[in-house]
1. Out of the residues in region 21-44 meeting the condition of being open to solvent by 10 Å² or more (accessible area, probe 1.4 Å) and outside any helix (DSSP H, G or I), tell me which one is nearest to ARG244 (Cα to Cα).
2. Taking region 143-175 on its own, how many of its residues are within 23 Å of the chain's Cα centre (by Cα) and without any contact (Cβ under 8 Å) to a residue 24 or more places away in the chain?
3. With (1) of a type in the set (Gly, Ala, Ser); (2) closer than 20 Å to ILE243 by Cβ; (3) outside any helix (DSSP H, G or I) as the list, and SER187 as the residue in question, which single condition is left unmet?
4. In this structure, does PRO237 turn out to be surrounded by fewer than 17 Cβ atoms within 10 Å (Cβ to Cβ), within 19 Å of the chain's Cα centre (by Cα) and under 19 Å from ILE102 (Cβ atoms)?
5. For region 194-211, indicate whether the set of residues that are open to solvent by less than 10 Å² (accessible area, probe 1.4 Å) and farther than 24 Å from GLY59 by Cα is non-empty.
6. Being among the polar types (S, T, N, Q) and assigned to a helix (DSSP H, G or I) is the filter here, so list the residues in region 218-250 that pass it.
7. Scan region 8-19 and tell me whether some residue there is of a type in the set (Ser, Thr, Tyr), open to solvent by 70 Å² or more (accessible area, probe 1.4 Å), out of contact with any Lys or Arg (no Cβ under 9 Å at 6 or more places or on another chain) and modelled with pLDDT of 95 or more.
Amino acid sequence: MTRAFKQLASILVLSASASLPVAADTAHIAVAANFAAPMKVLAARFEQATGHTLTLSSGSTGKFYAQIKNGAPFDVLLAADDDTPARLQREGDAVATRNYAIGKLALWSANANLIDGTDAVLKQNRFGKLAVANPKLAPYGAAAREALTQLGLLDAVASKFVVGENIGQTYQFAASGNADLGFVALSQIMQDGKLTQGSMWLVPSQLYSPIRQDAALLKHGAGNAAARALLDFLGTPGAQAIIRSYGYDL
């Protein structure tokens, strides 16, 4: 074999290697219940763009934390707060974190005539049951209690609470009529910048601590190409446009 032929053969091998696609991977994503709807849309876009596959599990941030500490094989946590990802990183269960959204709290009813766009329904106490997420497990539940405390209404309405394990269950209580209204994530009742149904009051942000939602690349997913690619994808303009369309800030 001539030297020129050997060089040509080497170039062809290198070219072929460079053109091979990166192997697709599958990542298991733990998604805070408030982010379940936008994440389904984002997952479809992500899979189409990258060839990777995502398996989604939705629930409360507090329960996901306990499951991760007990060895659950999640690769990424999309939390409803920033404390949990930071704590997991401090404790060695996460290798990186990044903010992906800032949530907004809303008071919502499936009844289009119950809420007039203000907090009047709360002040007048003209309702039967109020759905609130468990503040020990769900950051949106903690935000709801904080807002009620700031309004001086917590003691007056606490006896009417129907407590959801997470913000997804809390929304279901209000949507099904098991509660007349509920404190939910704006993302659950908004799409394309519009209220999907019912009536609501957007709770002023000064009434509760900012709901900064961070993603954590977990130790289990440190070597997972799909998990790492997802964190990058969440920061792209296309992904951020979808996130904003569900009522989040960035």
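1. HIS28
2. Going through region 143-175 one residue at a time, the tally reaches 2.
3. Every listed condition holds for SER187 apart from (3).
4. Numbers: surrounded by fewer than 17 Cβ atoms within 10 Å (Cβ to Cβ): yes; within 19 Å of the chain's Cα centre (by Cα): yes; under 19 Å from ILE102 (Cβ atoms): yes.
The answer is yes for PRO237.
5. So far as region 194-211 goes, yes, one or more of its residues are open to solvent by less than 10 Å² (accessible area, probe 1.4 Å) and farther than 24 Å from GLY59 by Cα.
6. The initial filter retains those residues of region 218-250 that are among the polar types (S, T, N, Q), namely 224, 236, 240, 245.
Across region 218-250, the qualifying residues are GLN240, SER245.
7. Scanning region 8-19 turns up no residue that is of a type in the set (Ser, Thr, Tyr), open to solvent by 70 Å² or more (accessible area, probe 1.4 Å), out of contact with any Lys or Arg (no Cβ under 9 Å at 6 or more places or on another chain) and modelled with pLDDT of 95 or more.
Yes or no, residue by residue, for (1) at pLDDT 95 or above; (2) under 30 Å from SER176 (Cβ atoms); (3) of a type outside the set (A, V, I, L, M):
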{"residue": "ALA37", "(1), (2), (3)": "no, yes, no"}
{"residue": "GLN48", "(1), (2), (3)": "yes, no, yes"}
{"residue": "SER57", "(1), (2), (3)": "yes, yes, yes"}
{"residue": "LEU88", "(1), (2), (3)": "yes, no, no"}
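The values are calculated or read from the model by the stated rules, or taken from the named source; none is laboratory data. In this text, all values refer to a predicted model and were calculated from it rather than measured experimentally. Here Cβ is always computed from backbone atoms with ideal geometry, including for glycine, and neighbour counts include all displayed protein chains. Heavy atoms of the whole protein, side chains included, go into the accessibility calculation; ligands, DNA and RNA do not. Shrake-Rupley method; radii C 1.70, N 1.55, O 1.52, S 1.80 Å.
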